[in-house]
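Read-outs throughout are calculated quantities, based only on the coordinates presented, and are distinct from any laboratory measurement. Note that the coordinates shown come from a computational prediction; the quantities given were computed from them, not determined experimentally. Virtual Cβ from ideal backbone geometry, glycine too; neighbours counted across all protein chains shown.
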């Protein structure tokens, strides 16, 4: 009985090894590309060039608000705090999306209510990387857009 090591390495065997290697690489790449496209949440803006024209001015106006923003989920309650110089701020909340960082499948749209110090809403959130994407309007009409990493405390 001859062992595998005693057999000669022929051109056909090398070709078969090369084809099998490339087939595995191409198969993995196609699988990953399919998963990336299937789970892509979509476009942020319809036309990035148009959005870029006012980006610097919008950013400067938002930074001039000098708001400190934080969010956490504790005991099933989402708490969004917006403060300026330590005092609570109550802007007009235009939109809120609470979801996982990598997928839109678990996105929720909580209805935030201001309780005098912070915005609160009940949510169901397990451990994980959660984000809160908000669009708010300041009293002077400045639009505030931010993605906030949410700490989930069980």
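For the stretch 49-69, give me each residue that is assigned to a loop (DSSP other than H, G, I, E, B) and either in contact (Cβ under 8 Å) with a residue 40 or more places away in the chain or loosely packed, with under 10 Cβ neighbours inside 10 Å (or both). Full working, then the answer.
Quick first cut of the stretch 49-69, residues assigned to a loop (DSSP other than H, G, I, E, B) only: 54, 65-67.
Selection gives 65, 67.
Might you check whether a residue that is closer than 25 Å to residue 101 by Cα, under 24 Å from the mean Cα position of the chain (by Cα) and surrounded by 10 or more Cβ atoms within 10 Å (Cβ to Cβ) occurs anywhere in the stretch 15-30?
Going residue by residue through the stretch 15-30, those that are closer than 25 Å to residue 101 by Cα are 28-30.
Okay, now just the ones that are also under 24 Å from the mean Cα position of the chain (by Cα), so 29-30.
Okay, now just the ones that are also surrounded by 10 or more Cβ atoms within 10 Å (Cβ to Cβ), so 29-30.
Checking the stretch 15-30: at least one residue is closer than 25 Å to residue 101 by Cα, under 24 Å from the mean Cα position of the chain (by Cα) and surrounded by 10 or more Cβ atoms within 10 Å (Cβ to Cβ).
Just a yes or no: is a residue in the stretch 39-48 touching a residue at least 12 places away in the same chain (Cβ under 8 Å) and closer than 19 Å to residue 149 by Cα?
Going residue by residue through the stretch 39-48, those that are touching a residue at least 12 places away in the same chain (Cβ under 8 Å) are 39, 41-42.
Remaining after also requiring closer than 19 Å to residue 149 by Cα: 41.
Checked the stretch 39-48: at least one residue is touching a residue at least 12 places away in the same chain (Cβ under 8 Å) and closer than 19 Å to residue 149 by Cα.
Being touching a strand residue (DSSP E or B) at 6+ places or on another chain (Cβ under 7 Å) and more than 22 Å from residue 121 (Cβ to Cβ): is that true of residue 53 here?
Details: touching a strand residue (DSSP E or B) at 6+ places or on another chain (Cβ under 7 Å): no; more than 22 Å from residue 121 (Cβ to Cβ): yes.
Considered against the rule, which asks whether it is touching a strand residue (DSSP E or B) at 6+ places or on another chain (Cβ under 7 Å) and more than 22 Å from residue 121 (Cβ to Cβ), residue 53 comes out as no.
Here is a yes/no grid of residues against (1) at negative phi; (2) under 18 Å from the mean Cα position of the chain (by Cα):
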| residue | (1), (2) |
| --- | --- |
| 7 | yes, no |
| 59 | yes, no |
| 68 | yes, no |
| 72 | yes, yes |
| 76 | no, no |
| 80 | yes, yes |
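Here is a list: 126, 80. Which entry is exposed (fewer than 12 other Cβ atoms within 10 Å of the Cβ) and in contact with a strand residue (DSSP E or B) (Cβ under 8 Å, 6 or more places away or on another chain)?
Details: 80 fails: exposed (fewer than 12 other Cβ atoms within 10 Å of the Cβ).
Exactly one residue qualifies, and that residue is 126.
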